[in-house]
Amino acid sequence: MFVLGVWGAGKSSLGRGLAGHGFLHIEIDRWLEGSGIDLAGLRREWDAFAQQARIVPLVDALSARAAGAERGAVALTLPSGVIPAARHRAALHRARIRTLIPYGTAAECLDGWLAREREHGRPADAERWIASNALPYARFSAPEHADHRVASFRGGAFVGADALAAAALANLRQEPRNAAPTLVQAN
């Protein structure tokens, strides 16, 4: 599964929550450390997908990792700038890979990111979030992503990793209009 979304929406929290439900969580949104794709050792497979919409090498690599970790599926949490184009969504669909987007209002996501950055002692300001997330937020708000969004906030407060994972699992049990019905499964 691909977990997409803007800063502060709850991507990493969702990945951690799903890890408690048999998923192998692979965090790609690791910008402080470097390229998450490189750090995860998935550059060749990712480039095949990103450049040519060839998903099989990535599916094979993720399936092998899930099997090696004795997990039934993978939750790959990606940076906010990863917004699959139509040809990439089609490749994901053919490979039966689902996408989920933790989602809230832009203000909720911004507030969540600011709070997290301050908690970790990192400089944060609204302008930085807006510059990096305004376009991704607008794209994830488009109708073609509606089936993939999972509410991360209730009454302006983050719902927490467990509640977000429960909502995501409920979403995955539904047959979406714009994605395939199953996850990347370990062999």
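Values quoted throughout were computed directly from the atomic coordinates according to the rules given, and no laboratory measurement underlies them. All figures in this text were calculated on a predicted structure; none of them were measured in a lab. In this analysis, Cβ positions are derived from the backbone assuming ideal geometry, glycine residues included, and neighbour counts consider all displayed protein chains.
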Amide H within-cut-off set for Val159, under 5 Å, with H built and near neighbours excluded
Phe153, Arg154
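Express in nm, to one decimal, how much length is gained between Arg44 and Ala163 on full extension, taking 0.36 nm for each residue of separation and deducting their alpha carbon distance. Don't skip to the answer; put the middle values down first.
Working: separation 119, 0.36 × 119 = 42.84 nm, distance 3.45 nm.
Length difference between fully extended and current span is 39.4 nm.
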Which residue, Glu117, Glu45, Glu27, tops the fluctuation ranking in a GNM of the chain built on C-alpha contacts under 10 Å?
Glu117
Contour minus Cα-Cα distance for Glu33 and Ala126 (0.36 nm per residue)
31.3 nm
Cα long-axis angle, helix 43-52 against the chain (0 to 90 degrees, to the nearest 10)
90
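Determine the relative contact order of the chain: mean sequence separation of Cα pairs under 8 Å and six or more apart, normalised by residue count, in whole percent. Don't jump to the answer; show the numbers that get you there.
Values: 312 pairs, mean separation 65.3, N = 187.
Contact order relative to length: 35 percent.
What does the charge dipole of the chain about its Cα centre add up to, to the nearest 20 debye, if the Cβ of each Lys and Arg holds +1 and the Cβ of each Asp and Glu holds -1? Walk me through the numbers on the way to the answer.
Details: 22 positive and 18 negative charges, 98 e Å.
That gives a dipole near 460 debye.
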Angle between the Cα long axis of helix 161-173 and the longest principal axis of the chain, 0 to 90 degrees, nearest 10?
40
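How high is the relative contact order of the stretch 1-109, given as a whole-number percent (alpha carbon pairs under 8 Å, six or more residues apart)?
On the way: 159 pairs, mean separation 51.7, N = 109.
Across the stretch 1-109, relative contact order equals 47 percent.
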With the chain treated as a Gaussian network of Cα nodes joined by springs under 10 Å, which of Ala146, Ala165, Ala86 yields the largest mean-square fluctuation?
Ala86
Non-local amide H neighbours of Thr99 (under 5 Å, H modeled in plane, Pro and chain starts lacking H): which ones?
Phe2
In whole Å, how far is the Cα centre of the stretch 1-31 from that of the stretch 71-132?
9
